């Protein structure tokens with residue numbers, strides 16, 4: 001996890017002469033995400049992800065950051081201007097060209113998300129598959145008109161980001177919700193189920209997942225498409241039968257299997273040494289870790305041992321031990337991949353909170 005901090009200029013001006021103690025307004029209640037740089041695996045977040053006891057966060061004692069410079073002289077007013085007259089913009093007063101407006105200027109693929117209709121389908125069914133009303137789908141596609149049926153090959157807009165109301169993961173993975181979730185865009189190296197009202201995530205989750213899946217496909221164009229299960233609902237909250245998947249940071253992904261898998265195959269297959277494509281599954285897991293946005297991955301211990309054997313071909317044993325709980329006997333080490341019952345047929349990936357999101361909780365809370 002990358003640590004970011006911003007010290008506002010106004011706050012610096014209030015620092016007392018000779019130094020100051022900077023302390024958080026309220027002590028954080030979350031566990032701290034420990035980051036360990038592993039060569040060849042990028043920066044890996046070692047934060048706990050289930051209902052484990054959080055690690056206490058330390059109080060920051062900062063050194064003096066500003067020396068007093070004395071009161072600033074009042075600005076000079078233009079000739080003939082009074083104290084309350086409107087001053088020209090700074091760049092005009094300095095004889096500079098006008099500065100461009102601040103804020104994002106480049107388009108982001110997650111601002112407008114499209115999906116292509118694969119077969120002729122009723123409009124109300126397409127809307128239902130994305131967890132929205134037909135009127136919402138028409139609003140997103142104003143040139144669509146009033147058709148009863150959507151023809152195969154039609155690319156529909158299923159999400160438009162409102163920059164005034166950004167997506168936000170709120171609360172804990174097992175006791176939270178999602179504000180204006182973003183659906184996973186389409187691509188050649190992954191596939192969603194036809195029914196997709198639970199295919200929404202935070203911007204950090206969707207972005208990191210896209211990066212990992214594209215890296216997986218670019219490294220091996222012949223690799224089978226990844227099968228993506230459930231993320232969260234557009235507004236998050238409880239979804240049966242999951243305990244988590246409530247705040248847009250969790251996603252279920254099928255293991256890469258040997259042999260053909262039907263495109264419409266709905267249920268996961270239990271992985272075994274005979275049917276699991278170990279090299280490709282590890283390649284995808286490593287691509288996930290390389291994003292630096294993974295908080296935890298839940299994989300059965302039996303599958304972990306197969307993947308760890310593959311990982312040792314390119315990583316030293318001590319690094320492998322920091323990744324897989326199945327090969328690490330030190331209970332005080334919180335590995336990135338942990339065992340949890342029920343994950344013999346798919347992995348559960350949990351991504352980190354969005355940068356600067358103070359409403360997001362890293363750890364799970366007591367289950368209800």
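At a glance:
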read-out: The stretch 129-166 residues near the modelled residue 112 label - backbone nitrogen below 15 Å, point 7 Å along Cα→Cβ; value: 139-144, 155-163
read-out: Cα-based convex hull, the stretch 146-201, per residue volume (Å³, whole number); value: 145 Å³
read-out: Spherically averaged projected area in nm², based on the convex hull that wraps the Cα atoms of the stretch 112-160; value: 2.9 nm²
read-out: Coordinate range along principal axes, alpha carbons of the stretch 259-368, Å, largest first; value: 45, 38, 27
read-out: Rg/Rh (Cα only; Kirkwood hydrodynamic radius) as it applies to the stretch 268-309; value: 0.97
read-out: Virtual paramagnetic centre 7 Å along Cα→Cβ of residue 275, amide N under 18 Å, in the stretch 299-317; value: 300-304, 306-307
read-out: Gyration tensor verdict on the stretch 187-228 (Cα atoms; rounded if a/c is under 1.5, prolate if a/b is larger than b/c, oblate otherwise); value: oblate
read-out: Listed peptides 202-210, 110-118, 326-334 by packing density, highest first (mean Cβ within 10 Å); value: 202-210, 110-118, 326-334
read-out: Rounded D (µm²/s) - the stretch 184-321, Kirkwood Rh over Cα pairs, Stokes-Einstein at 10 °C, 1.306 mPa s; value: 101 µm²/s
read-out: Projected label distance in nm at residue 194 and residue 136, using a 7 Å step from Cα toward the beta-carbon; value: 2.1 nm
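Bear in mind that the values in this text are calculations on the coordinates, not laboratory data. Quantities reported herein were computed from a predicted structural model and do not represent experimental measurements. Every residue, glycine as well, gets a Cβ built from its backbone with ideal geometry; the counts of neighbours run over all protein chains shown.
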